Each structure stands twice: as C-alpha cells, then as structure tokens.
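*Asks:* Structure provided below as structure tokens; questions to follow.
The values are calculated or read from the model by the stated rules, or taken from the named source; none is laboratory data. None of the values given here were measured: they were computed from a predicted structure. Cβ placement follows ideal geometry from the backbone for every residue including glycine, while neighbour counts extend to all protein chains displayed. All accessible areas refer to the heavy atoms of the entire protein, side chains included, with ligands and DNA or RNA removed. Shrake-Rupley method; radii C 1.70, N 1.55, O 1.52, S 1.80 Å.
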Amino acid sequence: PNGGNSEESRLFACPDLKNIHLKFLEDPPGPPVTATLLAKIKGENSEIREEIANDIAHKFSQTEAVVDTDTSIENAFEKVVYEVDYDLVRTAQISVADIAISLRIALSPEKVMQYYIKNQKEMAFIELSFPKNKRQEMENISSISVKNIKGEMVPLMSVVHIQKEQHSSVIFADEREKTTIVTAEMGNRSVIYAVIDLLQFFISDYSPQNGQVESWNLFEISYVLPSGEKYRIEWGGEWKMTLENFRDLGIAMMVASFLVYVLLVAQFRSFVSSALIMITVPLALIGILIGFIFLDFLNIYLTATALIGFIALIGLVVKNGILFLEYYEYKKGEGMTLENALVEAGRIRLQPIVLTSLTAILANLTIVSDPVWSGLAWAIVFGLSLSTVLSLLIFPLLYFMVMKGKEK
C-alpha cells in the first residue's frame with residue numbers, strides 16, 4: 001500500500017484492486033464434493049428461492065466454524081448489445097463480417113497473425129487492439145468507420161444500433177428442478193455438528209414467507225407456503241456423502257457379522273459358543289466410541305473410514321475369541337473341569353492374543369496422520385485395544401456363566 005520497488009508492493013498499490021475479493025481454495029481429501037457444506041433450495045419462484053438462499057447464507061455465517069459462505073445468486077448487471085441493421089448494411093454495401101471484425105478489435109484484442117521465434121517450439125501471436133482506456137469509452141467506438149465495397153468509409157454506428165439490456169441470470173437445475181445453491185466450508189469443526197445446529201434452526205425457528213414445515217428428514221426439509229407452493233432445502237456436500245456412507249457401511253457391517261457368525265457355527269458346531277464369541281464385536285465398537293470422544297477434542301472426528309475400520313475389526317476381534325475357545329476345547333477334551341480349562345486357556349493364549357493384537361495396532365499407528373485413512377487407523381487402534389483387554393476378561397466370564405448353567 002505504501003508503494004516501493006518490490007513487485008508485491010506495486011501489486012497492492014494498484015487502484016484497480018480495491019474491490020477485488022480473493023479466495024484461496026484447497027482441495028479436500030477424499031471423494032470430491034461441490035463444497036463441504038452445501039444447501040440446495042428448490043422451488044418454482046426464483047425470488048422466493050433467492051430469499052431463502054440469502055437467509056441460509058446469513059445463518060451459515062452465524063454458525064460456529066462455518067467460513068467462506070457463497071451463493072449461486074448472480075448480481076444483476078447491464079450488458080451492451082450491438083445489433084446490426086441489415087437493411088442499412090445492404091444500402092451502405094458493407095460486409096457484416098467486416099463489421100464484426102471491427103467491433104471485436106474495438107472491444108477486445110484480436111489475434112491477426114502468428115509467427116515463430118527462433119529456437120522455440122511454441123508459436124507467438126500478433127494482436128491488434130485499441131488501448132484499454134479507449135475501449136472503455138463508447139464515444140471512441142462511435143468514431144470507427146468501415147470501408148464498403150466502393151472504398152468509401154461508412155461510420156460504424158450508422159449501421160449498428162446499441163441497446164442496453166439486463167444480464168439474464170444463469171438458471172441452475174438439479175434433477176430437472178430449478179435450484180439455488182448455497183455453499184460454505186468448515187474451519188476446525190466437523191460438518192456434522194454444523195448441520196445439526198442448522199437443522200434445529202430451520203425446523204423449529206425458520207418460516208419462509210410465513211410457510212410451515214411440511215416434512216423433514218436428515219437429507220432435506222420441505223416447506224409449504226400459504227399459497228400452496230412448496231420449497232425444499234436439500235443438504236448436500238460432505239453431510240449427504242457421510243449419511244449415505246454410514247447407511248451403506250451399516251448394511252455391510254450387518255452382512256459381515258452374519259457371515260462371520262455362520263463360519264463360527266460351522267467351525268465349532270455350536271450356536272451358543274459362536275454367539276458368545278460374537279459378543280467381542282460390540283466391545284470393539286465401545287472402544288471406538290470412547291476413543292473418538294477423546295479425539296474430538298483434537299478435531300479428529302468419526303468418519304466413514306472409521307466404520308470401514310470397524311468392519312475390519314469384526315474379523316480381528318473374533319480371532320481372539322477363536323484362539324481362546326479352541327484351546328479351551330482342547331483342554332476340556334483332556335478331562336479338565338470347566339473352570340480349570342478356562343483358566344488354562346487364558347494363561348496359554350494370553351501371549352499370542354496380545355502379540356497379534358499389538359502387531360495390528362502398531363501397524364495402523366503409521367497411518368493415523370493421513371487425512372483420509374486416519375479414521376480407519378484410529379478405529380482399529382482403539383477398538384482392538386479395548387476389545388483385546390475386555391475379551392480376555394468378559395468372554396471367559398460369560399462362557400463360564402452360560403456353560404455352568406447348561407451343566408446344571
């Protein structure tokens with residue numbers, strides 16, 4: 001701002017940059033989304049859509065850690081249209097192509113030829129243009145003349161009419177519905193918390209055009225106005241992606257658990273013993289939830305990759321129960337009592353269970369800093385740590401209680 005010789009100071013001293021807004025964008029890790037926080041307003045009336053969009057943008061700016069709010073609403077501006085009068089053009093015997101070329105040169109630089117520089121592969125262009133300050137003034141354009149087929153100079157403005165029109169806004173559509181979009185990014189906070197805050201406001205405290213909430217779910221809110229018109233706010237971005245991933249991974253988790261249970265039944269030929277081994281699976285989930293409660297204070301959040309880690313844990317934690325139960329049955333076959341067989345199995349299998357779990361934990365610690373896969377790594381670290389300890393205590397205890405009752 002103070003001038004100087006440096007290129008940086010000359011850049012910021014330039015008066016043309018007074019009203020320019022700069023945005024620095026960083027591509028987020030993981031699957032691409034339009035924006036981290038995104039709302040789509042759908043309805044017929046563009047003015048009502050824009051009113052709702054402005055309300056949403058205002059609420060975004062008031063929500064904790066929500067930054068870089070923007071909308072698809074375009075500012076109205078005037079555009080100049082040069083319309084050729086073809087009757088006058090025929091009378092003046094001027095080529096429409098010559099008029100178009102003259103206007104292009106008058107309004108913006110025009111490439112007229114190219115040339116090659118010695119020892120360089122790329123070609124360069126020669127551009128013909130008016131000085132920039134001349135191009136910005138209509139009276140300078142009005143002084144241009146075009147030569148007709150007789151060689152006479154005809155004023156350009158004598159065959160061209162100038163009209164000023166309002167720029168027509170771009171119409172955005174999503175799934176063939178007219179849509180206005182509001183976007184924002186997140187600071188040091190999960191988008192899940194921000195959307196929960198926004199849902200509470202737009203469901204309970206917001207009434208567009210005195211309308212009422214007709215229905216809502218985690219994906220959208222629908223309003224009906226007194227006139228009967230309906231408008232929807234659909235949540236997109238990482239929120240929608242997270243909901244869909246959690247839903248799909250939840251289904252995958254149930255399928256994986258069922259398949260593991262079927263394999264256990266085939267191995268041990270016992271529905272009860274297999275069900276007791278499967279109890280170690282929720283112990284892993286408890287470990288994951290406790291771990292992410294602490295990680296929340298470090299701005300590390302439960303993500304879809306953490307659920308992938310939990311699906312992987314189903315096999316890892318069941319492995320501990322298999323090692324334990326296999327050795328228990330071996331000792332039981334030797335004639336040991338229930339209590340002694342469980343104690344001996346715990347003593348002998350303690351080391352291999354701890355070592356195999358520790359190996360998996362240390363391996364996953366190497367990727368806890370990765371922005372995409374840190375959720376998976378932390379899920380395995382916390383889930384396997386707690387489930388290993390608890391399975392060595394809770395699984396033998398539950399097995400003893402169930403089998404003792406069956407013996408009686």
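*Asks:* For the pair residue 62 and residue 329, how long in nm is the line joining their label points, each one 7 Å along Cα→Cβ?
*Replies:* Spacing of the two 7 Å Cα→Cβ label points: 6.4 nm.
*Asks:* Express in nm, to one decimal, how much length is gained between residue 145 and residue 75 on full extension, taking 0.36 nm for each residue of separation and deducting their alpha carbon distance. Each step should come with its number before you reach the end.
*Replies:* On the way: separation 70, 0.36 × 70 = 25.20 nm, distance 3.49 nm.
Going from the current span to full extension adds 21.7 nm.
*Asks:* Quick check: the angle from helix 338-365's long axis to the longest principal axis of the chain, C-alpha only, nearest 10 degrees?
*Replies:* 20
*Asks:* Ok, one more. Which angle from 0 to 90°, rounded to the nearest 10, does the C-alpha axis of helix 96-107 make with the longest principal axis of the chain?
*Replies:* On a 0 to 90 degree scale, this one is about 70.
*Asks:* Give the carbon-plus-sulfur fraction of the accessible surface of the chain in %, rounded to a whole number; probe 1.4 Å, heavy atoms of protein chains only. Don't skip to the answer; put the middle values down first.
*Replies:* Details: 14400 of 24880 Å².
Answer for the chain is 58 percent, counting heavy atoms of protein chains only.
*Asks:* Once each part is reduced to its C-alpha centroid, what is the distance from the range 86-124 to the range 238-312 in angstrom?
*Replies:* 67
*Asks:* What is the distance, in nm, between label points placed 7 Å from the Cα along the Cα-to-Cβ direction at residue 166 and at residue 272?
*Replies:* 8.0
*Asks:* Specify which labelled value, from (1) 37, 23, 20; (2) 40, 25, 21; (3) 71, 28, 20, agrees with semi-axes √(5λ) of the Cα gyration tensor in Å derived from the coordinates of the model shown.
*Replies:* (3)
*Asks:* Rounded to the nearest 0.05, what FRET efficiency is calculated for residue 289 and residue 197 with R0 set to 22 Å and r the Cβ-Cβ distance? Don't skip to the answer; put the middle values down first.
*Replies:* On the way: r = 22 Å, r/R0 = 0.98.
About 0.50, to the nearest 0.05.
*Asks:* Just how much of residue 219 is accessible, in Å², when a 1.4 Å probe is used and the result is rounded to the nearest 10?
*Replies:* About 70 Å², rounded to the nearest 10.
*Asks:* Here is the link list: 59/79; 79/111; 134/164; 79/134; 59/240. Which ones come out longer than 29 Å on Cα distance? It would help to have the intermediate numbers written out before the result.
*Replies:* Numbers: 59/79 33 Å; 79/111 24 Å; 134/164 19 Å; 79/134 18 Å; 59/240 19 Å.
Long pairs (Cα-Cα over 29 Å): 59/79.
*Asks:* If I stretch the segment between residue 118 and residue 262 completely, what's the gain in nm (0.36 nm per residue apart, minus their alpha carbon distance), one decimal? Don't skip to the answer; put the middle values down first.
*Replies:* Working: separation 144, 0.36 × 144 = 51.84 nm, distance 7.52 nm.
Gain on extension, residue 118 to residue 262, equals 44.3 nm.
*Asks:* Calculate the spin-label point distance for residue 85 paired with residue 174, positioning each point 7 Å from the Cα along the beta-carbon direction, and give it in nanometres.
*Replies:* For the pair residue 174/residue 85, the computed spacing is 4.8 nm.
*Asks:* Whenever you get a sec, line up 115, 330, 82 from highest to lowest accessible area (probe 1.4 Å, protein heavy atoms). Before the final figure, lay out each step's value.
*Replies:* Values: 115 100, 330 130, 82 50 Å².
Sorted descending by solvent-accessible area, the residues read 330, 115, 82.
*Asks:* Starting from the residue with the highest accessible area, list 269, 232, 347, 104 in decreasing order, probe 1.4 Å.
*Replies:* On the way: 269 205, 232 55, 347 150, 104 110 Å².
Solvent-accessible surface, decreasing: 269, 347, 104, 232.
*Asks:* Per residue, what accessible area does the chain have, given a 1.4 Å probe and all protein chains present, in Å²?
*Replies:* 61
*Asks:* Under 17 Å Cα to Cα from residue 319, which aspartates and glutamates show up? Leave out anything in the same chain fewer than 8 places away.
*Replies:* 329
*Asks:* In nm, what is the difference between 0.36 nm times the number of residues separating residue 244 and residue 355 and their Cα-Cα distance? Intermediate results must be reported in sequence, preceding the final value.
*Replies:* Details: separation 111, 0.36 × 111 = 39.96 nm, distance 3.63 nm.
This chain segment gains 36.3 nm when fully extended.
*Asks:* Highest mean first, what order results for 35-46, 366-377 on Cβ atoms within 10 Å?
*Replies:* Numbers: 35-46: 20.5, 366-377: 16.1.
Listed from highest to lowest mean packing, they are 35-46, 366-377.
*Asks:* Quick one: accessible surface of residue 122, probe radius 1.4 Å, all protein chains present, in square angstrom to the nearest 10.
*Replies:* Here the accessible area works out near 140 Å².
*Asks:* Sticking with this structure for a sec: Counting only helical runs of four or more DSSP H residues, what would the 222 nm mean residue ellipticity of the chain come to if each run contributes -39,500 (n - 2.57) and the total is spread over all its residues? Numbers along the way, then the final one.
*Replies:* Values: 13 runs with 214 residues, N = 408.
-17500 deg cm²/dmol, from helical runs alone.
*Asks:* Another question about this same structure. Mind checking which lysines have their Cα closer than 16 Å to the Cα of residue 332? Skip sequence neighbours fewer than 8 apart in that chain.
*Replies:* 404, 406
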